[in-house]
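To start, the structure under review is shown below, and the notes come after it.
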Amino acid sequence: MKVKKWIVSFILVIIIFTSLSLTALMQKPEKIVLGSKLFNEQYILAHMIAHLMRDNGLQAEVKMSLGGTMINYEALKKGNIDAYVEYTGTAYNVILKLPPLEQCVCR
C-alpha cells in the first residue's frame, strides 16, 4: 500500500511540475522549443507536450535525441531549448547533486 501511495505522489509531482512549466512557457508568444533525451519515452513525452501546445494555439518544435540529462539541462540554461521532461530522481541526484535518500519519507 505504501508503494502505491508513493507512486501516486510521484505522478502528481510530475503533473504539477509539468503544468507549472507549461504555464510559464505559455506566456511566451514565440515558438517553444522542447528538448528530449535519447530514448523512446522522452520522444513520446516531448511530442505529446508539443501537440498539446499546438492544440492550444502555440508554436512548438521538438529537438529529439539531444543527449542525457546534463546536455539537456545545459541547453535549457543556455536558452537553446525552452523545456524538457526530467525525472525527479534524476534531477535530485544529477542536477542538484544530492545524495540518495536512505529511506522513503512518504507515508
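The values are calculated or read from the model by the stated rules, or taken from the named source; none is laboratory data. Remember, predicted model here, so these are calculated numbers, not experimental data. As a convention, Cβ positions derive from the backbone with ideal geometry for all residues, glycine included, and neighbour counts pool all protein chains shown.
What to note about this one:
- Condition check for LEU52: surrounded by 13 or more Cβ atoms within 10 Å (Cβ to Cβ), at pLDDT below 90, assigned to a helix (DSSP H, G or I) and in contact with a helix residue (DSSP H, G or I) (Cβ under 8 Å, 6 or more places away or on another chain): no
- Here THR88 clears all of (1) over 16 Å from GLU30 (Cβ atoms); (2) free of Cβ contacts under 8 Å to residues at least 60 places away in the same chain; (3) surrounded by fewer than 15 Cβ atoms within 10 Å (Cβ to Cβ) except the condition numbered (2).
- For segment 66-85, a residue qualifies if it is at positive phi and loosely packed, with under 13 Cβ neighbours inside 10 Å, and exactly one does: GLY79.
- Some residue of segment 87-101 being in contact with a strand residue (DSSP E or B) (Cβ under 6 Å, 6 or more places away or on another chain), part of a loop (DSSP other than H, G, I, E, B) and either at pLDDT 90 or above or of a type outside the set (A, V, I, L, M, F, W, C) (or both): no
- Neighbours by Cβ (under 7 Å, 6+ apart or cross-chain): first from segment 43-57, over 19 Å from GLY68 (Cβ atoms); second among the polar types (S, T, N, Q): none
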